[in-house]
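Down below is the structure, laid out as structure tokens.
Values quoted throughout were computed directly from the atomic coordinates according to the rules given, and no laboratory measurement underlies them. Since the structure is predicted, the reported quantities are computational estimates derived from the model, not experimental observations. FYI the Cβ positions are ideal-geometry reconstructions off the backbone, even for glycines, and counts take in every protein chain you see.
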Amino acid sequence: MASTQQEKVAVDLGRKAVEVPAGGLYDRYRMDTDLDAVAEDPRVSDVKFFRGLSKTRVDSPIGPTWTPNFYYAASVARLVMLAPASRLRDRLPRELSPLEVAPGVGIFSIMVFRYDVADIDFYTEAATGIAVKPIRHGGLGAVDLAAALKNDHLHSYVLSLPVNTQIAQVRGHDGYGFPKWVTPIDVDITDARVSSRVANDTGGTDLELSAPTPSQKQHRTLERVSSLTSYTQIEGNWHSTLNQTHVLATGRKSLPRDIKLRLGQGRLSEDIRSVAPKRILALDVTTSAQIALHMPAPISADTRATTSREARS
């Protein structure tokens with residue numbers, strides 16, 4: 001279903017009007033999607049993962065909505081990079097600290113996403129983010145660090161998160177507090193190759209990524225569910241957002257040498273250059289996944305990171 005070729009209809013999100021595909025899932029269901037209808041889509045493997053999750057109607061900065069936001073057929077590629085912890089710390093709010101895999105070395109990621117079937121219809125996305133220590137955590141133990149490196153349970157602070165549709169931008173920025181803007185983004189993730197291009201404000205290249213897809217391991221339904229907790233500020237208050245990923249086919253290439261990463265001119269490339277990444281640790285590619293993205297929950301940020309930074313200054 002090529003969203004760029006469909007007729008559009010206007011819908012309201014909070015006080016903003018955005019266009020969505022006429023007859024698409026959002027137009028028909030407004031986030032309360034009929035799972036039986038989704039199950040008939042040949043791009044969707046099954047909907048067992050979603051039947052185990054209950055949607056709730058909540059108030060939000062974008063008006064009343066249903067949560068979680070479901071992505072029924074998705075794919076994602078992630079470059080895991082090592083970067084100086086000092087450069088990462090400079091880009092973080094004072095309440096957060098980078099996760100260090102070795103003294104002075106942290107984790108920085110570049111990600112591209114393709115959502116073929118979703119509650120808010122087809123769109124593509126790119127992201128840069130810093131792996132951080134969990135807020136209010138008394139210290140990161142070996143089990144937590146191992147889980148983070150395996151991509152099973154990450155905590156992250158997002159620097160940039162461009163998307164290619166209006167509804168994804170308004171929901172992500174106004175509803176979740178993510179740094180989202182709209183720009184053309186091409187993402188193609190197959191069993192053979194990953195390729196992506198993100199355009200900048202003038203139509204030139206912000207970021208290009210190309211790499212062979214690592215061999216994919218197939219997982220049975222409900223066999224593997226990973227999680228990502230992202231931290232954002234909404235109206236000056238800290239929130240955490242839980243992302244659950246039902247992994248169906250995935251693979252990793254450690255220390256890959258055949259990555260083509262081109263930085264151009266734009267916000268993504270500026271964020272990457274600002275943290276001075278030194279080495280690509282791994283390429284994770286998930287060619288088949290399903291996702292449940294929950295609405296942000298208020299949290300109380302620990303002030304210990306702030307105190308320790310002030311003590312060093």
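Structure above, values below:
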{"item": "Per-residue Cβ neighbour rank within 10 angstrom, fewest leading, 181, 66, 238", "result": "181, 66, 238"}
{"item": "Amide H partners (placed H, <5 Å) of residue 178, local residues excluded", "result": "173"}
{"item": "Calculated from backbone phi, Karplus (6.51, -1.76, 1.60) coupling profile of region 80-97 in Hz, x at Gly/Pro", "result": "9, 10, 8, 8, x, 4, 5, 6, 5, 4, 5, 9, 9, x, 5, 6, 10, 10"}
{"item": "Rough spin-label spacing in nm, given labels placed 7 Å along Cα→Cβ, for residue 217 and residue 300", "result": "4.0 nm"}
{"item": "Per-residue Cβ neighbour rank within 10 angstrom, fewest leading, 95, 19", "result": "19, 95"}
{"item": "Amide proton proximity set for residue 282, modelled H, under 5 Å, gap of 5+", "result": "80, 255"}
{"item": "Values of log10 I(q)/I(0), in the order q = 0.11 Å⁻¹, for region 68-312 under a Debye, Cα-only, solvent-free model", "result": "-0.54"}
{"item": "Dipole-positive endmost among 187, 205, 218 within region 180-238 (Cβ charges, Cα centre)", "result": "218"}
{"item": "Per-residue HN-Hα couplings for region 108-115 [Karplus 6.51, -1.76, 1.60; θ = phi - 60°; Hz; x = Gly/Pro]", "result": "10, 10, 10, 9, 10, 10, 9, 10"}
{"item": "For the chain, built as a Gaussian network whose Cα springs stay under 10 Å, the top-fluctuating residue of 293, 88, 161", "result": "293"}
{"item": "Spatially close lysines, pair count over the chain: Cα under 22 Å, gap of eight or more or interchain", "result": "12"}
{"item": "Gain in span if fully extended, residue 273 to residue 37, counting 0.36 nm per residue against the direct Cα distance", "result": "80.5 nm"}
{"item": "Simple label model, 7 Å out from Cα along Cβ direction - residue 191 to residue 242, nm", "result": "3.4 nm"}
{"item": "Backbone N within region 257-283 under 15 Å of label point (7 Å from residue 201 Cα along the Cβ vector)", "result": "265-271"}
